[in-house]
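Novice: There's a structure below that I have some questions on.
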Amino acid sequence: MAMDELIERAAELMATVGPAVVFTGAGVSTESGIPDFRSPTGVWARYDPDDFSFQSFVRSEEGRRRYWALGGELYATIRLAQPNPAHRAIATLERLGLLDCVITQNVDNLHQRAGTAPSRVIELHGNATRARCLACGCAYTRDEIQDRLEAGEEVPACRPCGGIIKPHTVLFGEPMPARETEIAERRARGAGCFVVVGSSLVVYPAAYMPLYAKESGARLIIVNLTSTHLDHLADVVIPGKAGEVMVRLVERIQARAVR
Ligand code: NAD
């Protein structure tokens, strides 16, 4: 089916079945210059994920040194990144009254910076702009920690107590945040329309969300550059770049509204 037709079908669904739950992954932010993990140029083409587990982070100073070497590199990119047209199109959906919430696997804060109300953004894997001490709970901005890394500290420790500072992001092997996971599941199950944007849908338990939605009767739309293993369940699959597709989709929805 031609792209125009796919976008028209998706626009019709989104305009008629009620506010959508939008589920985003790293692919919604690649056009902001933040690499995803699994593309050939992604992060795992250069690093071994086993080196960045929660267990390795808490177990030893060396584990933390390896984590911060990668974390410092990724955050340097995240802090310079700007929201792209896909983030802004999703924020426009909210202004049109067509967004229930955004469930995101991303940690880059770009949905909020694009104008989506923070109360509507459910972060399943945390937020890279914050950090805290695991011992005393002292809160840090990630910018402060980044400045310390860039000044030459390899493993920043808590200034008041010397404890381990951990970024707010969920590391491999670390439990998902219980409250966010529960809210996300509830919203997914209640969705009339569930729109995946830029996710390989292979990271669990986040990737259960579209399954919960579909199981509960939602219409499923998938916007992704490459195919996913859930494409066969979708009502509309739009292969393409998130920025272009989401902008055209929102334009079609707005055009329908003024017809
Ligand atoms: P992923 O890396 O597994 O997959 C990204 C998907 O997006 C791929 O299928 C790719 O084909 C697609 N994609 C890439 N660019 C695209 C574009 N411009 N338009 C449409 N699709 C595009 O990402 P994931 O499924 O989100 O899982 C990776 C995990 O890594 C997530 O859990 C997330 O926590 C984390 N992560 C976050 C960020 C971020 O915050 N920006 C970046 C990298 C990884």
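The values are calculated or read from the model by the stated rules, or taken from the named source; none is laboratory data. Remember, predicted model here, so these are calculated numbers, not experimental data. No Cβ is skipped: glycine too gets one built from the backbone with ideal geometry, and neighbour counts run over all protein chains shown. Heavy atoms of the whole protein, side chains included, go into the accessibility calculation; ligands, DNA and RNA do not. Shrake-Rupley method; radii C 1.70, N 1.55, O 1.52, S 1.80 Å.
Novice: When DSSP assigns beta bridges and you keep just the ones with both residues in the chain, what percent turn out antiparallel, to the nearest 5?
Specialist: Working: 7 of 30 bridges.
Bridges in the chain are about 25 percent antiparallel.
Novice: Please list 52, 172 in order of solvent-accessible area, largest first, computed with a 1.4 Å probe with all protein chains present. Present the calculation step by step, with values, prior to reporting the outcome.
Specialist: Numbers: 52 15, 172 85 Å².
The most accessible residue leads, giving 172, 52.
Novice: Between the range 144-172 and the range 225-259, how many Å separate their Cα centres?
Specialist: 40
Novice: Okay, next question. About the Cα centre, and with charges only on the beta carbon of Lys, Arg (+1) and Asp, Glu (-1), how big is the dipole of the range 19-177? Nearest 20 debye, please. Mind showing how you got there, number by number?
Specialist: Numbers: 17 positive and 19 negative charges, 66 e Å.
Roughly 320 debye, rounded to the nearest 20.
Novice: Using only Cα atoms and rounding to the nearest 10 degrees, what angle (0 to 90) does helix 3-16 make with the longest principal axis of the chain?
Specialist: 90
Novice: Which distance in nm do the two modelled labels at residue 58 and residue 227 give, with both placed 7 Å along the Cα-to-Cβ direction?
Specialist: 4.1
Novice: For a protection proxy built on the mean count of beta-carbon atoms within 10 angstrom, sort 227-240, 23-36 highest first, please. Before the final figure, lay out each step's value.
Specialist: Numbers: 227-240: 16.4, 23-36: 23.0.
Going by the mean number of other Cβ atoms within 10 Å, highest first, we get 23-36, 227-240.
Novice: Skip the ligands, DNA and RNA, and give the accessible area per residue of the range 180-259 with a 1.4 Å probe, whole Å².
Specialist: Numbers: 3610 Å² over 80 residues.
Accessible surface, normalised per residue, equals 45 Å².
Novice: Using +1 on the beta carbon of Lys and Arg, -1 on that of Asp and Glu, and nothing else charged, what's the dipole of the range 93-222 about the Cα centre, debye to 20?
Specialist: Details: 15 positive and 15 negative charges, 91 e Å.
Its charge dipole is roughly 440 debye.
Novice: Follow-up question, since we're still on this one. Carbon-plus-sulfur fraction of the accessible area of the range 52-99, 1.4 Å probe, in percent? Don't skip to the answer; put the middle values down first.
Specialist: Details: 1180 of 2140 Å².
Here carbon and sulfur together make up 55 percent of the probe-accessible area.
Novice: Under the rule of -39500 (n - 2.57) per DSSP H run of 4 or more residues, summed and divided by the residues of the chain, what mean residue ellipticity at 222 nm is obtained, to the nearest 500 deg cm²/dmol?
Specialist: Details: 9 runs with 103 residues, N = 259.
My calculation for the chain gives -12000 deg cm²/dmol from helical runs alone.
Novice: Rounded, prolate or oblate: which one fits the chain, using the alpha carbon gyration tensor with axes a ≥ b ≥ c (rounded when a/c is under 1.5, else prolate when a/b beats b/c, else oblate)?
Specialist: On the way: a/c = 2.04, a/b = 2.01, b/c = 1.01.
Note, shape of the chain comes out prolate.
Novice: Modelling each spin label as a point 7 Å along the Cα-to-Cβ direction, I'd like the residue 16/residue 117 distance in nm, to one decimal.
Specialist: 2.8
Novice: Projecting each Cα onto the charge dipole of the range 1-97 (Lys/Arg +1, Asp/Glu -1 at the beta carbon, about the Cα centre), which of 49, 86, 14 comes out farthest on the positive side?
Specialist: 49
Novice: Most mobile of 199, 60, 216 per a Gaussian network model of the chain (Cα springs, under 10 Å)?
Specialist: The residue with the greatest mean-square fluctuation here is 60.
Novice: Still on this structure, I have one more. Determine the share of the range 112-252's accessible area contributed by carbon and sulfur atoms, expressed in whole percent, with a 1.4 angstrom probe.
Specialist: Values: 3350 of 6420 Å².
Whole-percent figure for carbon plus sulfur exposure: 52.
Novice: At what distance in angstrom do the alpha carbon centres of the range 77-110 and the range 6-40 lie from each other?
Specialist: Cα centres, the range 77-110 to the range 6-40: 10 Å.
Novice: Note the full-extension length gain between residue 1 and residue 50 as 0.36 nm times their separation in residues minus their Cα-Cα distance, in nm to one decimal.
Specialist: Full extension of this stretch gives 13.6 nm more.
Novice: Sticking with this one: Using only Cα atoms, tell me the angle between helix 242-258 and the longest principal axis of the chain; keep it within 0 to 90° and round to the nearest 10.
Specialist: Its long axis makes an angle of about 40 degrees.
Novice: Another one. Among 176, 205, 192, whose Cα projects farthest towards the positive end of the dipole of the range 123-259, with charges put on the beta-carbon of Lys, Arg (+1) and Asp, Glu (-1)?
Specialist: Among 176, 205, 192, the one farthest towards the positive end of the dipole of the range 123-259 is 192.
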